[in-house]
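Each remark here refers to the structure printed beneath this line.
The values are calculated or read from the model by the stated rules, or taken from the named source; none is laboratory data. Predicted, not measured: the structure shown is a model, and the values here were computed from it. All Cβ positions, glycine included, derive from the backbone under ideal geometry; neighbour counts span all protein chains shown. Ligands, DNA and RNA are excluded from the accessible area calculation, which covers all protein heavy atoms including side chains. Shrake-Rupley method; radii C 1.70, N 1.55, O 1.52, S 1.80 Å.
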Amino acid sequence: MEVGIVGLPVSGKTTLFATLTGQPADAAFGGGKVEVHRGVVKVPDERLDKLTAIFNPKKKVPATIEYIEVGGMDSDQSKGFDAQFLQVLKNTAALCVVIRAFEDTFHPHPAGKVDPQRDIQTVEAEFLLSDLAIVENRIERLQKQVQKAKDDQKLRELALLKRCQEILEQESPLREHAFTEEEKTMLRGFQFLSAKPVVLVLNINEADIVQAAEIAARHAEKPNVRVIALCGKAEAEIAQLEEEDRAMFLEELGIVEPALNKLIRTSFELLGLISFFTVGEDECRAWTIRQDTAAPGAAGAIHTDMERGFIRAEVVHYEDFMTHQTLAKCRDHGVLRLEGKNYIVKDGDIMNIRFNV
Ligand SMILES: Nc1nc2c(ncn2[C@@H]2O[C@H](COP(=O)(O)OP(=O)(O)OP(=O)(O)O)[C@@H](O)[C@H]2O)c(=O)[nH]1
Ligand SMILES: [Mg+2]
């Protein structure tokens, strides 16, 4: 499950990717060729920090999320996105669309003027066009096939794709429309770009950081779209600072935490992921699972043996744990419970899995 960083030229993609992953920014990256940069990023989680402070383990292991940056997008916007470039994006589970909202006379916007709304539409139009081409192609093939032999499954797919075609022709992204589970399964294989959840990153001026929340709020959030306003350049500077200087710098900027943290957490949520924790003297760790995963599936995130041999789990929610501070007190107060294989794990559950192989 990876998040693809995408955006028009000189919008700040490389700066953002480099800051997120701690990899050096490679200005020469791309340069006409389609190249992919990958980086694993720790998900900031205050809960894990607090648990670590209590258990004082040898090791702390946060959840992670993978970002990719795809270079080599044609800077000539009239040509649209390169097919190979779009293909790489299709394999991602969510998109982080970087939109330029900062002024910089030394690095002018290729279109001459900074206009976030226009750029949002330009990028979206590329997604819509790419999806529409796939839909039309498939409809044409299906129509030929069902003419030769009636096939219920194919007729259902055809009807669904025609609905998608109508949506796309109205310049509406698929992510804003509701589909049944069966329909989602049918559509999954196409990896439509306009169906992917999106974090819109408005890359703003440093001077606008104080009003970042207001700027983001101006861009009404739509289904499966989150909006974050941040200054990529300032985030890069923050990331370079030592811990103490960082706190001071953030205070000067009038913000509580780096906006990048929020971006990472938002990406994680958009992917439909949650964390549960395991705690102890050896290790405090956040594990990643999909929402609505039952206890054995969560156990499987740790080890397949734990899933196979799952007996039950001892579970206490993070909030309850923080109230009582020790597992023994949680047990005394009845908030540490035994759960069986049908239990749906919640974000923030602290789990101890009992298994037998
Ligand atoms: N003022 C300002 N400049 C920024 C910001 N983010 C990036 N830049 C600058 O804009 C230029 C382009 O940034 P990149 O991160 O290379 O942008 P990109 O989208 O990767 O650009 P291409 O790969 O060339 O398409 C660099 O000179 C950055 O220093 C920002 O938030 N504010
Ligand atoms: Mg770049």
So if I check each of Lys144, Lys113, which one is outside any helix (DSSP H, G or I) and of a type in the set (Lys, Arg)? Lys113
Has segment 134-154 got any residue that is loosely packed, with under 15 Cβ neighbours inside 10 Å and within 21 Å of the chain's Cα centre (by Cα)? no
Within segment 239-260, can you find the residues that are under 24 Å from Val227 (Cα atoms), loosely packed, with under 14 Cβ neighbours inside 10 Å and more than 24 Å from the chain's Cα centre (by Cα)? Glu251, Glu252, Gly254
Taking only segment 307-326 into account, find how many residues are open to solvent by less than 50 Å² (accessible area, probe 1.4 Å), within 23 Å of Phe268 (Cβ to Cβ) and over 25 Å from the mean Cα position of the chain (by Cα). 5
Positions within segment 327-357 being open to solvent by 70 Å² or more (accessible area, probe 1.4 Å) and within 18 Å of Asp305 (Cβ to Cβ), in sequence order: Lys341, Asn352, Arg354, Phe355, Asn356, Val357
Please work out which one of (1) touching a residue at least 60 places away in the same chain (Cβ under 8 Å); (2) hydroxyl-bearing (Ser, Thr, Tyr); (3) farther than 19 Å from Pro57 by Cα is the condition Tyr318 fails and give its number. (3)
What's the number of the condition Gly22 fails, among (1) open to solvent by 20 Å² or more (accessible area, probe 1.4 Å); (2) at pLDDT below 90; (3) within 13 Å of ligand 2 (Cβ to nearest atom); (4) not hydrophobic (A, V, I, L, M, F, W, C)? (3)
From (1) at pLDDT 90 or above; (2) within 16 Å of ligand 2 (Cβ to nearest atom), pick out the condition that doesn't hold for Ala53. (2)
Of those in segment 213-238 that are part of a loop (DSSP other than H, G, I, E, B) and in contact (Cβ under 8 Å) with a residue 40 or more places away in the chain, the residue surrounded by the most Cβ atoms within 10 Å (Cβ to Cβ) is Cys231
Output the residues belonging to segment 200-241 that are away from ligand 2 (no atom under 16 Å from the Cβ) and charged (D, E, K, R). Glu206, Asp208, Glu214, Arg218, Glu221, Lys222, Arg226, Glu237
Conditions first: (1) over 30 Å from Ala234 (Cα atoms); (2) outside the structural domain of Ala212 (by TED's automatic domain parsing). Gln87 passes all but one, so which condition is the exception? (2)
Tell me yes or no: at least one residue of segment 173-196 is assigned to a strand (DSSP E or B), open to solvent by less than 20 Å² (accessible area, probe 1.4 Å) and at pLDDT 95 or above. no
